[in-house]
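To start, the structure under review is shown below, and the notes come after it.
What follows is calculated from the coordinates using simple rules that are stated; it is not laboratory data. Computed from a predicted structure; not experimentally measured. Please note: Cβ atoms are built from the backbone with ideal geometry, for glycine as well, and neighbour counts cover all protein chains shown.
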Amino acid sequence: MEIRIGVGFDIHRLAEGRDLIIGGTKIDSDFGFIAHSDGDIFFHALTDALLGAVGFGDIGQLFPDTDKRWKNAPSNIFLEKARDIVYQRGYKISNIDAVIVLEKVKILPYREQIIDNTAKILNISKEKIFLKGKRFEGIDDIGKGEGGFCIVNTILMR
């Protein structure tokens with residue numbers, strides 16, 4: 001048995017008047033991420049974790065922000081591509097563990113929907129996915145509510 005571990009990270013600033021999308025779920029907020037695509041920090045970090053685990057590069061190589069095709073694109077497109085690469089290389093997703101850091105938005109009310117969306121896209125059971133919402137307790141720009149970030153670890157097996 002071969003085991004591969006991937007780590008993904010994504011960070012974006014927040015601005016008024018944009019939708020806040022996390023894990024394909026629209027979150028109730030007056031602020032959303034400033035990004036070339038929809039700015040979904042969880043799907044971006046998860047895409048990078050999956051691609052990294054199979055040694056395929058990263059989200060910026062596959063979907064560069066200089067390409068107008070990806071302007072305001074839904075991030076499920078990126079995650080679907082990473083899923084296909086993982087499965088084409090013969091791996092199965094064993095575990096996904098993520099930390100989403102936002103100061104003013106609680107993840108808990110949306111956690112199950114985000115997990116459901118992710119499980120459907122990846123064709124895995126919800127029990128393989130866990131999310132934690134954390135705050136920065138007023139420290140730095142993230143703690144002032146000016147942005148958010150996500151860290152994802154994943155384990156693949158073949």
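In order along segment 15-22, phi translates into HN-Hα couplings of 9, 5, x, 10, 6, 9, 10, 9 Hz, rounded to whole numbers, per the Karplus curve 6.51 cos²θ - 1.76 cosθ + 1.60 with θ = phi - 60° and x for Gly and Pro. When +1 charges are put on Lys and Arg Cβ atoms and -1 charges on Asp and Glu Cβ atoms, the dipole computed for the chain relative to its Cα centre reaches about 480 debye. The C-alpha atoms of the chain define a longest principal axis, and helix 41-53 lies at about 30 degrees to it.
At an R0 of 30 angstrom, the distance between the Cβ atoms of residue 72 and residue 1 translates into a FRET efficiency of 0.15. The loop-placed GluC sites (Glu not before Pro) in segment 77-158, going by DSSP, that have at most 16 neighbouring Cβ atoms within 10 Å of their Cβ come out as 137, 146.
Computed from the C-alpha gyration tensor, the three semi-axes of the ellipsoid equivalent to the chain are 25, 17, 14 Å, from longest to shortest.
Once the Cβ-Cβ distance between residue 137 and residue 116 is put in as r, and R0 is 22 Å, what FRET efficiency do you end up with, to the nearest 0.05? With R0 = 22 Å, the Cβ-Cβ based efficiency is 0.15.
Build a GNM of the chain with springs between Cα atoms under 10 Å apart, and of 67, 58, 30 the one that fluctuates most is 67. The trypsin sites (Lys or Arg not before Pro) of segment 1-82 meeting both criteria, a DSSP state outside H, G, I, E and B (loop) and at most 12 other C-beta atoms within 10 angstrom of the site's C-beta, are 71.
If the chain linking residue 88 and residue 9 were pulled fully straight, counting 0.36 nm for each residue of separation and taking away their Cα-Cα distance, it would gain 26.1 nm.
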